[in-house]
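Undergrad: What follows is a structure written as C-alpha cells; I'll ask about it next.
Please treat every number below as a calculation from the coordinates, not as lab data. Quantities reported herein were computed from a predicted structural model and do not represent experimental measurements. FYI the Cβ positions are ideal-geometry reconstructions off the backbone, even for glycines, and counts take in every protein chain you see.
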Amino acid sequence: MLALYMDHHVPRAITEGLRLRGIDVITAYEDGAGDMDDSALLDRATELGRALFTQDDDLLAEATKRQKEGVTFGGVIYCHQLRISIGACINDLEIISKVGQPEDLMNIVQFLPL
C-alpha cells in the first residue's frame with residue numbers, strides 16, 4: 001500500500017474521505033510542515049516514504065525540475081482542482097494507494113483523473 005502526504009492546499013474533504021476508506025494519509029499541517037516551501041515539503045514527503053498529493057502548480061513545477069535534474073523524490077500525484085470532483089479525486093487516490101507501492105511512484109508525477 002502507498003501512503004500519502006497531503007500538501008497544505010488540499011481540501012480537508014479529500015483527506016477525510018481517504019481516511020474513511022482506510023488510506024494512510026498525513027497532512028503537512030499535522031506533520032508541522034504547514035509553512036514549508038515546496039522544495040522542503042517534497043523532501044519531507046520523500047523522507048517519510050510517502051507520495052505527495054497536491055493541487056498546487058508550483059509544486060508540480062518543483063517535481064518537474066527534479067525530474068530534469070535527476071534529483072530523487074518520492075513521487076507527486078497532481079490534479080487541477082477544477083478538473084476533478086472531490087469524490088472522483090478520492091476514488092482515484094484510493095486506487096493508487098491500494099494497488100501502488102512507494103517504488104512505483106519514485107521520481108514520477110501522476111496526473112489525475114486517471
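Undergrad: Say we join alpha carbon atoms closer than 10 Å with springs in a Gaussian network model of the chain; which of Leu48, Leu20, Leu59 then has the biggest fluctuation?
TA: So, out of Leu48, Leu20, Leu59, the one fluctuating most is Leu20.
Undergrad: Can you list the HN-Hα couplings for region 11-17, worked out from phi with the Karplus curve (6.51, -1.76, 1.60; θ = phi - 60°), rounded to whole Hz and with x for Gly and Pro?
TA: So the J values, rounded to whole Hz, are x, 4, 4, 5, 4, 5, x.
Undergrad: Filter the trypsin sites (Lys or Arg not before Pro) in region 1-47 down to the DSSP loop ones having no more than 15 other Cβ atoms within 10 Å, then list what survives.
TA: Sparse-neighbourhood loop trypsin sites (Lys or Arg not before Pro): Arg21.
Undergrad: For the chain, find the longest principal axis of its Cα atoms and tell me its angle to the long axis of helix 38-47, 0 to 90°, nearest 10.
TA: 80 degrees
Undergrad: Helix 86-99: angle to the longest alpha-carbon principal axis of the chain, degrees 0 to 90, nearest 10?
TA: The angle comes out at about 70 degrees.
Undergrad: So, one more: Cut-off is 10 Å between beta-carbons; in what order do Ser85, Ser39 appear when sorted fewest neighbours first? Walk me through the numbers before you get to the answer.
TA: Numbers: Ser85 10, Ser39 15.
Going from sparsest to densest Cβ surroundings: Ser85, Ser39.
Undergrad: Sequence gap at least 6, Cα distance under 8 Å: using those rules, report the relative contact order of the chain to the nearest whole percent. Please list the in-between numbers first.
TA: Working: 191 pairs, mean separation 37.9, N = 114.
Normalised by residue count, the contact order of the chain is 33 percent.
Undergrad: Also: Rank Leu82, Thr72, Asn107 by how far each Cα sits towards the positive end of the charge dipole of the chain (+1 on Lys, Arg Cβ; -1 on Asp, Glu Cβ) and give me just the farthest.
TA: The residue sitting farthest along the positive end of the dipole is Leu82.
Undergrad: Suppose we keep just the alpha-carbon trace of region 7-56; what are its Rg and Dmax in angstrom?
TA: 10.5, 29
Undergrad: Figure the gain on full extension for Lys98 and Asp57 (residue separation times 0.36 nm, minus the Cα-Cα span) and round it to one decimal in nm.
TA: Details: separation 41, 0.36 × 41 = 14.76 nm, distance 2.55 nm.
Once the chain is fully extended between Lys98 and Asp57, it gains 12.2 nm.
Undergrad: Separate question: Got a sec? How would Tyr78, Tyr29 order by Cβ neighbour count within 10 Å, fewest to most? The partial results should precede the final answer.
TA: Working: Tyr78 19, Tyr29 13.
Least crowded to most crowded, the residues run Tyr29, Tyr78.
Undergrad: Mind putting a number on the dipole of the chain about its Cα centre? Charges go on the C-beta only, +1 for Lys and Arg and -1 for Asp and Glu, and I need it in Debye to the nearest 20.
TA: On the way: 10 positive and 19 negative charges, 81 e Å.
Around 400 debye, computed over the chain.
Undergrad: What list of ³J(HN,Hα) values in whole Hz, one per residue of region 107-113 in order, does the Karplus curve 6.51 cos²θ - 1.76 cosθ + 1.60 (θ = phi - 60°) give from phi, with Gly and Pro shown as x?
TA: 6, 10, 10, 9, 9, 10, x
Undergrad: Calculate the translational D of the chain in whole µm² s⁻¹ from Stokes-Einstein, where the hydrodynamic radius comes from the Kirkwood formula applied to all Cα pairs, the temperature is 4 °C and the viscosity 1.567 mPa s.
TA: 95 µm²/s
Undergrad: Hey, can you grab everything whose amide H is under 5 Å from the amide H of Ile77? Only 5+ residues off in sequence or another chain; H modelled, so Pro and N-termini drop out.
TA: HN-HN under 5 Å from Ile77: Leu52, Phe53, Thr54, Gln110.
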